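Engineer: Before we start, here is the structure in question, set down as structure tokens.
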Number of protein chains: 2
Amino acid sequence: MDKSILKKVNLFSDLNDDELEKIYSHSTIKKFNKGEMIFFETEPYNGFYIVIEGSVKIFKISKDGREHVIHFIFPTNTFAEAPLFEQYDKIIREEFTYPANSMALEDDTKLILIRSDVFYGILEKNKNISLKMLSGLSKKLRHLNNHIDSISQGVSKGLAIYLLKELEKSGNKDKNIIELQISKHDLASYIGTIDETLSRCLKKFQENKVISVKGKTIHILQKSVLEKTVKL
Amino acid sequence: MDKSILKKVNLFSDLNDDELEKIYSHSTIKKFNKGEMIFFETEPYNGFYIVIEGSVKIFKISKDGREHVIHFIFPTNTFAEAPLFEQYDKIIREEFTYPANSMALEDDTKLILIRSDVFYGILEKNKNISLKMLSGLSKKLRHLNNHIDSISQGVSKGLAIYLLKELEKSGNKDKNIIELQISKHDLASYIGTIDETLSRCLKKFQENKVISVKGKTIHILQKSVLEKTVKL
DNA sequence: CGTAACCTTGATTAAGATCAATTCTCGTGG
DNA sequence: CCACGAGAATTGATCTTAATCAAGGTTACG
């Protein structure tokens, strides 16, 4: 793996080459194929991950096997870093578990595992990493706030919110085209519904000429209607 | 107000008397009556709050006026601290908004407002405040993860989860009695439903002798049934 | 007491989940 | 290059849950 990827990780942007080297030499690269579990929420916590290539979903599973996706994670972003700061002593003794499940969404998904003890070592000498961590956690909190809000307001609304946010993120804002980064199944789970209902909802939007869907490519034909849907 | 309350705030537990004094002298005590808004999510962010007395709810409002409670906050806990770490420059210029709305739930709710600039001053000299902050945010993240999971699984389940968690928190674990800290309206909103549905759900549990409800007092008669409900 | 806020109840409606088939898509091997 | 098959996506019919609408009851407190 190219070591320089570490420099692109926002968390580590203030570190010098020695420190990066230290992280690099103490961490493990892990590869996963599509559908492979990275960790279960029942499993002892031993560190957090950085996505290098591919993508990952973080989700909960209810006892009946239904899954609820909480986050999607893409390259240079971290996940499962929050537990580091709860119950230090338990973490060290590996008596703490991961807060949710995670699965690779693509073949050849590459991750770096940063073990807790390695990270604590780095943190001690670089107090301002904690500021970056705070910033990262804050963003996740804000995201979850919004997510809670959106899933509790119906499928159409949740879908409209998702589409508009994706459009926002994609460079093609003018072209009004978005390319889904995830499967429709995962999208359904993310907006709090099931495959069939998502399918029907997409169909409804298409019938009203709001969007047009071809595989993972979605044209936004009437952004204004989506915006109106969001505002109910 | 008794200054010593600041010592009970976990965030400040490492500070010396000078620093506490500094915070105290630079912060504002605010009082609210039940139902009064503390801030709106449209409002410029100028600092975070500590609950001294009373209680507070954090919630989102959809355009049709429906509210969704995200958190309840009780004495010695902080709220709205996450934005401090997003976009420092914007915060300073007060170009950032609060992430949600907040309202006092009781008469004579007393809060301390810690202004952003005051806090940045303290933070600079006390790097390990940031570790406490991280710990606080991590807990909130974990809480939201669980909350998302529970609200997307039906009212009975959400209610069962809430009741069990309250039982866990209350000292009376053996007596199997819980005293609701919040109104039924807020509880309904918190578990993602409306008053009528919550009422019916409570009734259903009572008919099955799982609980008995008298005002805000709830006896848990068959904890095992609640646990089974959670596991579906 | 009286009134307002809070809570409960019943009847109805709407949204979405479930179940059961198909159809579509795409990678693989013949 | 085509045929096959598995996984993904769609469709229809039905069922369940919870939201809505509209009254009533209760409770707390001045």
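Engineer: So which residues in the stretch B:199-211 are touching a strand residue (DSSP E or B) at 6+ places or on another chain (Cβ under 9 Å) and surrounded by 14 or more Cβ atoms within 10 Å (Cβ to Cβ), if there are any at all? Walk me through how you get there before you give the answer.
Structural biologist: Initial filter on the stretch B:199-211 (touching a strand residue (DSSP E or B) at 6+ places or on another chain (Cβ under 9 Å)): B:202-203, B:205-206, B:210-211.
Listed by number, the residues that qualify are B:Leu202, B:Phe205, B:Gln206, B:Val210, B:Ile211.
For (1) among the charged types (D, E, K, R); (2) over 25 Å from A:Tyr24 (Cα atoms); (3) within 11 Å of another protein chain (Cβ to nearest Cβ), each residue gets a yes or a no:
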residue: A:Glu67; (1), (2), (3): yes, yes, yes
residue: A:Phe72; (1), (2), (3): no, no, no
residue: A:Pro75; (1), (2), (3): no, no, no
residue: A:Gln87; (1), (2), (3): no, yes, yes
residue: A:Arg93; (1), (2), (3): yes, no, no
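Engineer: Can you pull out the residues in the stretch B:170-207 that are more than 13 Å from DNA strand C (Cβ to nearest atom) and among the charged types (D, E, K, R)?
Structural biologist: Scanning the stretch B:170-207 gives B:Lys173, B:Asp174, B:Lys175.
Engineer: Kindly indicate which of A:Lys132, A:Lys184, A:Lys175, A:Lys139 is within 16 Å of DNA strand D (Cβ to nearest atom) and either within 30 Å of A:Lys223 (Cα to Cα) or among the charged types (D, E, K, R) (or both).
Structural biologist: Selected residue: A:Lys184, the only one of A:Lys132, A:Lys184, A:Lys175, A:Lys139 that is within 16 Å of DNA strand D (Cβ to nearest atom) and either within 30 Å of A:Lys223 (Cα to Cα) or among the charged types (D, E, K, R) (or both).
Engineer: Now a separate question. With respect to the numbered conditions (1) surrounded by 20 or more Cβ atoms within 10 Å (Cβ to Cβ); (2) within 16 Å of DNA strand D (Cβ to nearest atom); (3) not β-branched (Val, Ile, Thr), which one is the sole condition not fulfilled by A:Gly215?
Structural biologist: The single condition A:Gly215 does not satisfy is (1).
Engineer: Among the listed residues B:Glu106, B:Glu196, which satisfies the condition of being loosely packed, with under 15 Cβ neighbours inside 10 Å and either within 11 Å of DNA strand D (Cβ to nearest atom) or over 20 Å from the mean Cα position of the chain (by Cα) (or both)? Lay out the reasoning, then the answer.
Structural biologist: Numbers: B:Glu106 fails: loosely packed, with under 15 Cβ neighbours inside 10 Å.
Among B:Glu106, B:Glu196, only B:Glu196 is loosely packed, with under 15 Cβ neighbours inside 10 Å and either within 11 Å of DNA strand D (Cβ to nearest atom) or over 20 Å from the mean Cα position of the chain (by Cα) (or both).
Engineer: Just the residues that are in a loop (DSSP other than H, G, I, E, B), more than 9 Å from chain A (Cβ to nearest Cβ) and among the polar types (S, T, N, Q), please, taken from the stretch B:98-134.
Structural biologist: B:Asn126
Since every read-out is calculated from the coordinates, none of them should be taken as a lab result. Bear in mind the structure is a predicted one, so any value in this text is a computation, not a measurement. Cβ coordinates were reconstructed from backbone atoms using ideal geometry, including for glycine residues, and neighbour counts include every protein chain displayed.
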